[in-house]
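Written below as structure tokens is the structure these notes are about.
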Amino acid sequence: MTLKILGAVVFALATLVSNPGLAQEAPEADRAGTGGAQTLEDIMARQEKQEVDESFRSENLGDPANAAGISDQLGTQGGVSDSDTWRGIRYNESDIRTQARGPAADVLIQDGGMPWYKLREGPIITYGGLALLGIIALLIVFYFVRGRIKIDGGPAGTTIERFKAIERFGHWLLAGSFVALAITGLFTLMGRSFLIPVIGQDAFSTLAVGSKWVHNNIAWAFMLGLVLTFCMWVAHNIPNKLDWHWLKVGGGIFTKAHPSAKKFNAGQKIVFWTVMVLGFSVSLSGLSLLFPFELIMFADTFAAINSVVGTDFPTALTPHEEMQYANIWHSIVAFVMMVAIIAHIYIGSVGMEGAFDAMGNGHVDVEWARQHHDLWVAEVEAKQGRGESS
């Protein structure tokens, strides 16, 4: 029954995500009464996400031949009004020169801000929030259905060293900084919608400023932890034939099976590579946001994807569009990582007896180790035996 309900929920979410409203062609508007300018119908059609032919604006950039007199209101521009000038800027038909210098100095109008804002405040928050609530609810149901994974026959009472101090330091540096980044990131992303109505604008302002400072500075600790854990554990997380067998039996999570594993099993390897790949990606987009307009990522990435897959992603992006893509990607990857880490926290704490000791004090019960990492225990004991005999 649980699997049927879960399947229905996943199908419903997939339907919502993969079936967006299709844009419709807007009916031709009569612009005779406006002298060719846009009408109320044009504005309403855009609000309803209908496709509007913008040529009546993009091609209406003024005609010097129709210049008014020099003393008339528009005469000083030779018949080109302010509206004509800004339309030329909007549709990139004007030769812009500025005294200011900088990557974004020549961009006077960038109308991608509203679609970015709507995506950020709409689907990103909605589906990201639902993903977090969904994984928490799923783990609660799983706990009551499966219960805590116990040590068969109970603890042996003797321990074996699982992780050295430097390994635990790298893990907790990465984990602690990620939790701080997740909390402050959620405050920054969702605070205006969910916290201002509760604590008010003044209190939220203080919280938002503090969250931004913490987020920007803790990011360096996260990247350092990412490098440390990668260097220490990458050799133990190379996939092998044991992983396929572990996955086929579900790692014993749903059954009483105990598939063989070395220092890390297939489930831990999946978590490791998820954190490494997504952590690297979220770090790059975070650096782009920390140093605006300096780290260009998406134009080159889209060009590479287009050349391989044959897609038609935009490759001529303004500096502002690069930042908007970085912000959206940063949020999406962060939500995926939060879902994975919540599941990891569950297994490493309340979900499995004896698991927390591995990172708590570095030593685990021998029976727990044999149950989940029997080949690793054999390797350790063999090394200790060779050390004693030598």
- Hey, ALA156 touching a residue at least 24 places away in the same chain (Cβ under 8 Å), part of a loop (DSSP other than H, G, I, E, B) and farther than 22 Å from GLU59 by Cα or not: yes
- By residue number, the members of segment 205-234 that are aromatic (Phe, Trp, Tyr) and touching a Ser or Thr at 6+ places or on another chain (Cβ under 6 Å) are PHE222
- Task: Tell me which residues, restricted to segment 156-165, are open to solvent by 30 Å² or more (accessible area, probe 1.4 Å) and in contact with a helix residue (DSSP H, G or I) (Cβ under 7 Å, 6 or more places away or on another chain).
- Result: ALA156, THR158, THR159
- For residues in segment 284-311 being assigned to a loop (DSSP other than H, G, I, E, B) and either out of contact with any Leu (no Cβ under 9 Å at 6 or more places or on another chain) or open to solvent by less than 60 Å² (accessible area, probe 1.4 Å) (or both), which is modelled with the highest pLDDT? PHE291
- Among all residue pairs at least 6 apart or on different chains, which show Cβ distances below 9 Å where the first residue, located in segment 93-112, is in contact (Cβ under 8 Å) with a residue 40 or more places away in the chain and the second is assigned to a loop (DSSP other than H, G, I, E, B) and open to solvent by 80 Å² or more (accessible area, probe 1.4 Å)? PRO103/GLU294; PRO103/ILE296
- Item | Close pairs from segment 233-258: first part of a helix (DSSP H, G or I), partner surrounded by 13 or more Cβ atoms within 10 Å (Cβ to Cβ) and among the aromatic types (Phe, Trp, Tyr), Cβ under 6 Å, at least 6 apart | HIS236/PHE264; ASN237/PHE264; ASN237/PHE272
- Query: Looking at (1) within 30 Å of ARG168 (Cα to Cα); (2) open to solvent by 30 Å² or more (accessible area, probe 1.4 Å), can you tell me which one ALA355 breaks?
  - Reply: (2)
- Message: Quick check on segment 197-226: of everything there that is of a type in the set (Phe, Trp, Tyr) and either at pLDDT 95 or above or not in a helix (DSSP H, G or I) (or both), which residue is most open to solvent (accessible area, probe 1.4 Å)?
- Response: TRP213
- Scope segment 92-122; condition in a helix (DSSP H, G or I) and in contact with a Ser or Thr (Cβ under 9 Å, 6 or more places away or on another chain); matching residues: ARG120, GLU121
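The rows are residues; the columns are (1) within 25 Å of SER283 (Cα to Cα); (2) surrounded by 15 or more Cβ atoms within 10 Å (Cβ to Cβ); (3) not charged (D, E, K, R).
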{"residue": "GLY134", "(1), (2), (3)": "no, yes, yes"}
{"residue": "TYR143", "(1), (2), (3)": "no, no, yes"}
{"residue": "ARG146", "(1), (2), (3)": "no, no, no"}
{"residue": "ILE151", "(1), (2), (3)": "no, yes, yes"}
{"residue": "GLY154", "(1), (2), (3)": "no, no, yes"}
{"residue": "ALA175", "(1), (2), (3)": "yes, yes, yes"}
{"residue": "LEU189", "(1), (2), (3)": "yes, yes, yes"}
- Got a number for residues in segment 312-325 being open to solvent by 70 Å² or more (accessible area, probe 1.4 Å) and in contact (Cβ under 8 Å) with a residue 24 or more places away in the chain? 1
- Message: Filter segment 263-280 down to the residues that are within 18 Å of MET359 (Cβ to Cβ) and not aliphatic (A, V, I, L, M) and list them by number.
- Response: LYS263, PHE264, ASN265, GLY267, GLN268, LYS269, PHE272, THR274, GLY279
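The values are calculated or read from the model by the stated rules, or taken from the named source; none is laboratory data. If you're wondering where the values come from, they're calculated on a predicted model, not measured in any experiment. No Cβ is skipped: glycine too gets one built from the backbone with ideal geometry, and neighbour counts run over all protein chains shown. Accessible surface areas use protein heavy atoms only, side chains included; no ligands, DNA or RNA. Shrake-Rupley method; radii C 1.70, N 1.55, O 1.52, S 1.80 Å.
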